[in-house]
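Trainee: What follows is a single structure, and I will ask about it in a moment.
The values are calculated or read from the model by the stated rules, or taken from the named source; none is laboratory data. Every value quoted in this text rests on a predicted model; they were computed, and no experiment measured them. Here the Cβ is made from the backbone with ideal geometry for all residues, glycine too, and neighbour counts use every protein chain on show. Please note that ligands, DNA and RNA were not included when accessible areas were found on the heavy atoms of the full protein model with its side chains. Shrake-Rupley method; radii C 1.70, N 1.55, O 1.52, S 1.80 Å.
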Amino acid sequence: MDTKTNPTGQVQVRFTTRNPELTVGDTPILIPTSLKRYGLSQIVNHLLKPDKSTPFEFLIQGNLLRTSLDDYIVQNGLSTESTLDLEYIESTLPPQYLASFPHDDWISSVQLSANYILTSSYDGIARIWDKSGQVKLQTPGLGSSLKNTAWKNPETSFLTSSLDQKIHFWEIEDDLSKIGNGKSTANFSTTFTGHKGLVERIRALPETNIFLSASADKTVGIWDFERSPETTVESSSATSSKRRRKNDELVPRKGARAPLFLCEGHSDNVTDVIFSQDPSAAYSVGLDHTIKTWDLITGQTVASRITKNPLLCVEKLNDLHLLACGSSARSITLHDPRVTSDKITSMTLSGHKNLVSDLCASPENPYMFASVSHDNSCRVWDVRATSGSIYTLPRTVKGGSQWDKLFSVDWNKSIGIVSGGTDKQLQINQSSSFDKSQ
């Protein structure tokens with residue numbers, strides 16, 4: 001049968017979904033091969049009989065259906081005599097460009113709260129922005145570029161790491177909603193020192209005293225705001241004498257603290273670390289190709305998995321019990337970190353044209369996450385669509401270099417997908433699902 005030229009062709013399909021609340025049964029039904037996404041969505045809604053229709057996307061063998069069934073069958077050499085399995089998922093609106101806020105230098109890190117955006121920059125300053133682009137608060141420069149930042153308790157305190165190998169803790173005494181544009185400065189509270197290499201990443205666990213760090217000195221730092229021992233701060237030889245004189249009076253009000261543990265086990269730079277769902281454990285990744293599981297009570301390695309490529313970032317997909325890892329091989333790999341898993345890599349997602357620098361899970365859909373890369377693109381992925389990303393978010397402000405890179409991305413429901421890098425633009429893209437119940 002020439003299904004490409006026969007618009008009245010039919011094929012048996014079996015509709016499947018991973019959402020138990022939206023199942024229609026697994027009995028195959030005969031449908032016209034001329035149908036596209038909209039027609040297939042109408043059939044599923046007819047079978048579900050919902051109070052309000054829900055738009056769906058459809059996957060065949062991990063590929064999003066962008067044509068009619070006719071065209072897909074012909075292009076992939078399939079037969080209309082066999083039954084097609086069509087997986088349906090709730091449609092998500094393409095993320096729409098909202099705004100860009102300019103920085104004076106490269107943006108190294110982005111962290112979101114419900115109402116504000118926290119950024120760190122290579123100009124040595126951390127800033128808190130509101131949704132309109134006003135800088136509500138910033139830190140004084142400490143003479144060294146900032147590499148990373150993290151909220152301790154959103155909108156009241158945060159951490160920064162700098163190229164001088166130190167971590168700094170900042171407190172916000174004023175109500176951010178009552179601060180005018182750039183009229184407030186964060187209070188420099190504590191310095192955490194102990195790493196002998198660049199601190200690549202810091203992760204805090206809100207409402208607790210614990211935070212973690214990943215460093216180029218091949219260690220994972222475990223710190224506690226109360227239990228970390230007090231220490232003294234050595235002046236950095238990398239800081240010029242002129243800068244040291246300028247910042248002599250800027251000292252932390254509560255002094256300096258050392259780590260509870262500097263966990264050894266990686267054989268190369270540790271690039272990222274993240275708390276597990278169990279707050280007494282964490283995962284780290286590094287240039288030594290490994291994913292390590294740590295016991296935060298003892299500071300000891302619990303498990304270690306070797307992958308094919310150097311790993312640069314990690315994110316949890318909690319509902320799927322998976323870790324997403326970005327690599328220097330331009331791909332994202334999904335791993336089950338549980339000891340009972342016999343697979344090292346569960347899935348590989350490709351599409352970026354340069355190394356993957358950061359990842360962030362969707363706040364609404366357990367199957368989706370965003371990534372940024374040194375190819376200067378931000379992509380949105382659905383792990384059910386194994387053939388590639390479902391959306392690519394271009395940089396909207398023109399005039400950048402062809403060599404621009406993106407370093408950081410974060411995503412929440414109230415603000416959207418926010419990314420930044422060497423083009424010095426904090427870009428916001430809003431995204432919302434048709435399914436508001438999730």
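Trainee: 222 nm [θ] for the chain, helices only, -39500 (n - 2.57) per DSSP H run of 4+, per residue, to 500?
Mentor: On the way: 3 runs with 25 residues, N = 438.
Computed mean residue ellipticity for the chain: -1500 deg cm²/dmol.
Trainee: Let me ask another. For region 1-93, which chymotrypsin sites (Phe, Trp or Tyr not before Pro) are both in a DSSP coil and crowded by at most 13 other Cβ atoms within 10 Å?
Mentor: Sites meeting the loop and neighbour criteria: none at all.
Trainee: Calculate the translational D of region 1-129 in whole µm² s⁻¹ from Stokes-Einstein, where the hydrodynamic radius comes from the Kirkwood formula applied to all Cα pairs, the temperature is 4 °C and the viscosity 1.567 mPa s.
Mentor: Rounded to a whole number, D works out at 72 µm²/s.
Trainee: Another question, if that's okay. Would you list, by chain and number, the aspartates and glutamates whose Cα falls below 17 Å from the Cα of residue 398, excluding same-chain residues fewer than 8 positions away?
Mentor: Partners within reach: 104, 105, 375, 423.
Trainee: Ranked highest first by average number of other Cβ atoms within 10 Å, how do 267-273, 160-166, 65-71 line up?
Mentor: On the way: 267-273: 21.3, 160-166: 23.1, 65-71: 18.1.
For the peptides 267-273, 160-166, 65-71, the packing ranking is 160-166, 267-273, 65-71.
Trainee: How far is helix 37-48 tilted, in degrees, relative to the longest principal axis of the Cα atoms in the chain, given as a value from 0 to 90 rounded to the nearest 10?
Mentor: Once rounded, the angle reads 80 degrees.
Trainee: With a 1.4 Å probe and all protein chains kept in place, how much accessible area does residue 27 have, in Å² rounded to the nearest 10?
Mentor: Per-residue accessible area (residue 27): approximately 100 Å².
Trainee: How many angstrom separate the Cα center of region 244-313 from the Cα center of region 96-172?
Mentor: If you average the Cα positions of each part, the centres end up 21 Å apart.
Trainee: Now, a different point. Could you do me a favour and compute the accessible area per residue for the chain, 1.4 Å probe, result in Å²?
Mentor: 45 Å²
Trainee: With θ taken as phi - 60° and the coefficients 6.51, -1.76 and 1.60, list the Karplus ³J(HN,Hα) couplings across region 87-94 in order, rounded to whole Hz; mark glycine and proline as x.
Mentor: Ordered by residue, 3J(HN,Hα) equals 8, 10, 9, 4, 5, 10, 5, x Hz.
Trainee: In addition: Computed over the Cα atoms, what is the radius of gyration of region 123-177 divided by 2.2 N^0.38 Å, N being its residue count?
Mentor: Region 123-177 yields a ratio of 1.11.
Trainee: Can I ask one more? Scan region 11-44 for trypsin sites (Lys or Arg not before Pro) in coil per DSSP, keeping those whose Cβ has at most 15 other Cβ atoms within 10 Å, and list them by number.
Mentor: Passing sites in region 11-44 are 18.
Trainee: Let me ask another. Jot down the radius of gyration and Dmax of region 279-437, Cα atoms only, both in angstrom.
Mentor: Cα-based Rg and Dmax for region 279-437 come out at 16.0, 50 Å.
Trainee: Next up: List the residues, sorted by chain then number, that are 5 or more residues from residue 393 or on another chain and whose placed amide H is less than 5 Å from its amide H.
Mentor: 378, 379, 380
Trainee: From the phi of every residue in region 301-316, what ³J(HN,Hα) in whole Hz does the Karplus formula 6.51 cos²θ - 1.76 cosθ + 1.60 yield, where θ is phi - 60° and glycine or proline is x?
Mentor: After applying 6.51 cos²θ - 1.76 cosθ + 1.60, I find 6, 9, 8, 9, 10, 9, 10, 7, 9, x, 9, 10, 7, 8, 9, 8 Hz.
Trainee: Taking all protein chains in place and a 1.4 Å probe, what share, in percent, of the accessible surface of the chain do carbon and sulfur account for?
Mentor: Exposed carbon and sulfur together represent 47 percent of the surface.
Trainee: Something else about it: Provide the per-residue ³J(HN,Hα) series for region 105-114, in order, calculated from phi with Karplus coefficients 6.51, -1.76, 1.60 and θ = phi - 60°, each as a whole number of Hz, with x at glycine and proline positions.
Mentor: 8, 4, 8, 8, 7, 9, 9, 10, 10, 4
Trainee: Here is a further query. Please compute the Kirkwood hydrodynamic radius of the chain from all pairs of different C-alpha atoms, in Å with one decimal.
Mentor: 23.5 Å
Trainee: Right, something else. My understanding is that a pair violates if its Cα-Cα distance is over 25 Å; which of 218/353; 152/196; 308/413 do that in this structure?
Mentor: Where the Cα-Cα span goes over 25 Å, the pairs concerned are 218/353; 308/413.
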